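The values are calculated or read from the model by the stated rules, or taken from the named source; none is laboratory data. Since this is a predicted model, take the numbers as computed values, not measurements. When we count neighbours, we look across all protein chains shown, and the Cβ atoms used for this are built from the backbone with ideal geometry, even at glycine. For the accessible areas, the whole protein counts, side chains as well, though only heavy atoms, and no ligand, DNA or RNA atoms are used. Shrake-Rupley method; radii C 1.70, N 1.55, O 1.52, S 1.80 Å.
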Amino acid sequence: QVQLVESGGGLVQAGGSLRLSCAASRRIFSSNVMGWYRQAPGKQRELVATITSGGSTNYADSVKGRFTITRDNAKNAVFLQMNSLKSEDTAVYYCKATLPLAEYWGQGTQVTVSS
């Protein structure tokens, strides 16, 4: 079993920045994809960004150029740097680890962007 713990959420004004962190409770098999997803009130959970163990990244069009996903394999951690935040970025942000035979989700961290 793997536990993922997110941190770094909070309240920020539009145009501001936040950095989310996600730490795994134990070493994760090296071949995995780490990702950030978000769910706004009344909406479905959506992909924000993913990063493979080799460092390849993928972003939702809505966050390209504003968000950056990185990972530290030695620390089993993934990060999401969010710049130029907009009110529509308000959501609960979830960390996800996709392993060859399983996937794990964190409990989420709230990000609120005030306009």
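List of remarks:
- Once all protein chains are placed together, Lys75 keeps about 140 Å² accessible to a 1.4 angstrom probe.
- Inter-label distance for Ser114 and Thr98, nm, one decimal - labels placed 7 Å from Cα along Cα-to-Cβ: 3.7
- Apolar share of the accessible surface for the range 1-98: 47 percent from carbon plus sulfur atoms, 1.4 Å probe.
- Accessible area of Thr109 in the full protein assembly, 1.4 Å probe (Å², nearest 10): 20
- The share of C-alpha pairs in the chain whose separation exceeds 19 Å stands at 39 percent.
- Residue order by solvent-accessible surface for Leu4, Leu101 is Leu101, Leu4, largest first, with ligands and nucleic acids left out and a 1.4 Å probe.
- Zone residues, the range 70-110, relative to Gln13, backbone N less than 18 Å from point 7 Å out along Cα-to-Cβ: 83-90
- Computed over the range 1-48, relative contact order equals 30 percent, with contacts defined as Cα pairs under 8 Å that lie 6+ residues apart.
- Here the contact order of the range 1-88, divided by its residue count and restricted to Cα pairs under 8 Å and six or more residues apart, works out to 32 percent.
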